[in-house]
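Take a look at the structure set out below.
The values are calculated or read from the model by the stated rules, or taken from the named source; none is laboratory data. No experiment lies behind these values; they were computed from the predicted model shown. A quick note on method: Cβ atoms are made from the backbone with ideal geometry, for glycine too, and the neighbour counts reach across all protein chains shown.
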């Protein structure tokens, strides 16, 4: 394969700058020593990071987002494992329709889902509750969990299970000692991808979160709607830092390309 | 446990030991039951309720009245305010789609030609923002645009591209730029996936046969990655037309798109039936556009990749 020319590399540099500019700006402004939005020029300050401590609604929203993401991703993985085994190993009536249904939260605009959840939860008495948030988040992260569990279930060599059975292992032992350990990397990555998506979700959640059950992105969004000040940039910088750490870890563990495209090109 | 009872199912494939987790009959339904139940109750029922809601009546003092009328639909489909809003939504989505295709496709091609480890690093840099909070990314654009003294305007003026600062905040231009940034990774990803299926030997063959750089790009590469660009375009268009956080932050309270208008109807005006009509119309329009476009792409390229 031929190399990129100078022109291509210039273009690539500009493109990368475009992609990174807004993210870097947020991180820079977060270190401003001033009381207004500005770039730190001569000195850097952590005052706006300390200031987060004085806003308990951001802190509690952060813990709520963390718990919500962890819980809904865990349930999503737990129910997508048997579904993935069913889809990967069986040919049954309604298999295609079922897969489409499980993947549908990716196609349905989140604003429509938010409205539907708001209407439904209000009717059944779950409006503005944490239980409602968890149910809604399980639904929207399930496609991500299912995609990765499905990938590892499809890639599973059945002969290994058959070998274990012919050596006298029971169904349960095979599942516990052979099948689950083999699909475990897929489960962990599926959980992580689901977690990131839950942690970042704002469009759907803004409809169903009430004061007291607001997640961090919702809190940030509502704050920005009122006014933009250095405080929200330092909160955003923390969120970006956490996501980047998770991303790098995920890239090391599973390969970002495999995660997003579905297979690796570098053989990772 | 009926799953375990399947163990000695004689209908298993010959020569293999039938396993409970791979048998026939009810097993797949039982395995998918938890997810199926959840989706039936928490997805299908709420969506049905929303469609019904769009036919209900609403009044300032009487609230939602469960009757079956076409008032909301007539309003959404004929009132010039809603027509203009939908037109704006789809116009923005179209511009965003064209921008991402125009700039994302060449970048995917350049990325694909990079060598390890740069390729992996820049793939992470360019696709990574996909997983970073959309609120944080849009906040970045709000800071960059920031009125007349914003960085973008300073840069454009100093490069001599513009003489007076352009308004980005609270304008469609600003929305298009920010949304193009937010959705760019999807386009790069789609084209990248198409490029992985491309055989580099074909390019080499074209060069060996005397084709110039530009001819190779136009006659060899572009036709082969076109399905990737088009499928990326469908995703970007659908996401841009239903985007919420970015238009809400950049567009402010006055410049409404479908998603932000529905939000207003639900959480400020409290006219839920009208908001439901806007949301259902958006969903239907997007499904029609996405399915129609996919059909066209499949038919157009069925011969090439059949």
Any hit, the range B:261-271, residues being touching a strand residue (DSSP E or B) at 6+ places or on another chain (Cβ under 9 Å), crowded, with 17+ Cβ neighbours inside 10 Å, over 24 Å from residue B:184 (Cβ atoms) and within 13 Å of chain A (Cβ to nearest Cβ) | yes
Near pairs, Cβ below 7 angstrom, 6+ apart or cross-chain, from the range B:115-134 (at the interface with chain A (Cβ under 7 Å from one of its Cβ atoms)) to any residue that is assigned to a loop (DSSP other than H, G, I, E, B) and crowded, with 23+ Cβ neighbours inside 10 Å | B:134/A:202
Exclusive hit being over 23 Å from residue A:256 (Cβ atoms) and touching a residue at least 12 places away in the same chain (Cβ under 8 Å), set A:199, A:207, A:195 | A:207
Have a look at A:128, A:132, A:155 and point out the one that is surrounded by fewer than 19 Cβ atoms within 10 Å (Cβ to Cβ), within 30 Å of residue B:52 (Cβ to Cβ) and more than 9 Å from chain B (Cβ to nearest Cβ).
-> A:128
Do we find a residue being over 27 Å from residue A:113 (Cα atoms), touching a residue at least 40 places away in the same chain (Cβ under 8 Å) and in contact with a helix residue (DSSP H, G or I) (Cβ under 6 Å, 6 or more places away or on another chain) anywhere in the range B:32-50?
-> no
Does the range A:59-69 include one or more residues that are closer than 15 Å to residue A:236 by Cβ and modelled with pLDDT under 90?
-> no
So which residues in the range A:1-57 are within 7 Å of chain B (Cβ to nearest Cβ), in a loop (DSSP other than H, G, I, E, B) and within 21 Å of residue A:223 (Cα to Cα), if there are any at all?
-> A:37
Checking residue B:95 against (1) crowded, with 23+ Cβ neighbours inside 10 Å; (2) over 29 Å from residue B:203 (Cβ atoms); (3) more than 7 Å from every other protein chain (Cβ to nearest Cβ), which test does it fail?
-> (1)
Scan of the range B:109-128 for residues that are buried (at least 24 other Cβ atoms within 10 Å of the Cβ) and under 18 Å from the mean Cα position of the chain (by Cα), ordered by number = B:126, B:127
Taking the range A:33-52 and keeping only residues that are under 13 Å from residue A:235 (Cβ atoms) and without any contact (Cβ under 8 Å) to a residue 40 or more places away in the chain, one is left with A:50
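Every residue, every condition in (1) farther than 17 Å from residue B:84 by Cα; (2) within 9 Å of chain A (Cβ to nearest Cβ); (3) touching a helix residue (DSSP H, G or I) at 6+ places or on another chain (Cβ under 6 Å); (4) surrounded by fewer than 23 Cβ atoms within 10 Å (Cβ to Cβ), yes or no:
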position: B:213; (1), (2), (3), (4): yes, yes, no, yes
position: B:236; (1), (2), (3), (4): yes, no, yes, no
position: B:241; (1), (2), (3), (4): no, yes, yes, no
position: B:287; (1), (2), (3), (4): yes, yes, no, yes
